[in-house]
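First up is the structure itself, then whatever we jot down about it.
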Amino acid sequence: MKLLPVLVLAALPFYCYAESTPGSGCTLVNQVISQAIDLEVSAEQFIENLREFIPDAETEEDIIQVKQCFLQQSEETLTNVQVMVDAMYKSVWCKAY
């Protein structure tokens, strides 16, 4: 059952390949990252926004733990996460930007 999330993540780049969006090149990935580090988005809202991609309760619990981790961070840390993500997208190794 743990193979399913891996397959979903493996298929995501094909979905994103057709899009031409700044950042990751994929609107969906950009939205997930933004919502993950947004303190105004609760864990429950985050789960509901990702519901179609969550195959089971175990995965849901894992996602809640990740979101809770971000909710416990300071604004400065979350700003630095966004700076890091932007730097990765603008790097020479990332062709999507």
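The values are calculated or read from the model by the stated rules, or taken from the named source; none is laboratory data. Predicted model, so just to flag it, every value in this text is computed and none were measured. Neighbour counts run over all protein chains shown; Cβ positions are idealised from the backbone, glycine included. The area values use the complete protein model at the heavy-atom level, side chains included, leaving out ligands, DNA and RNA. Shrake-Rupley method; radii C 1.70, N 1.55, O 1.52, S 1.80 Å.
Within the stretch 82-97, the set of residues being assigned to a helix (DSSP H, G or I) and not small (Gly, Ala, Ser) comprises GLN82, VAL83, MET84, VAL85, ASP86, MET88, TYR89, LYS90. Checking each residue in the stretch 36-81 for being assigned to a loop (DSSP other than H, G, I, E, B) and open to solvent by 80 Å² or more (accessible area, probe 1.4 Å) picks out GLU40, GLN72.
When the stretch 22-35 is limited to residues that are open to solvent by less than 50 Å² (accessible area, probe 1.4 Å) and in contact (Cβ under 8 Å) with a residue 24 or more places away in the chain, the one that is nearest to the chain's Cα centre (by Cα) turns out to be ILE33.
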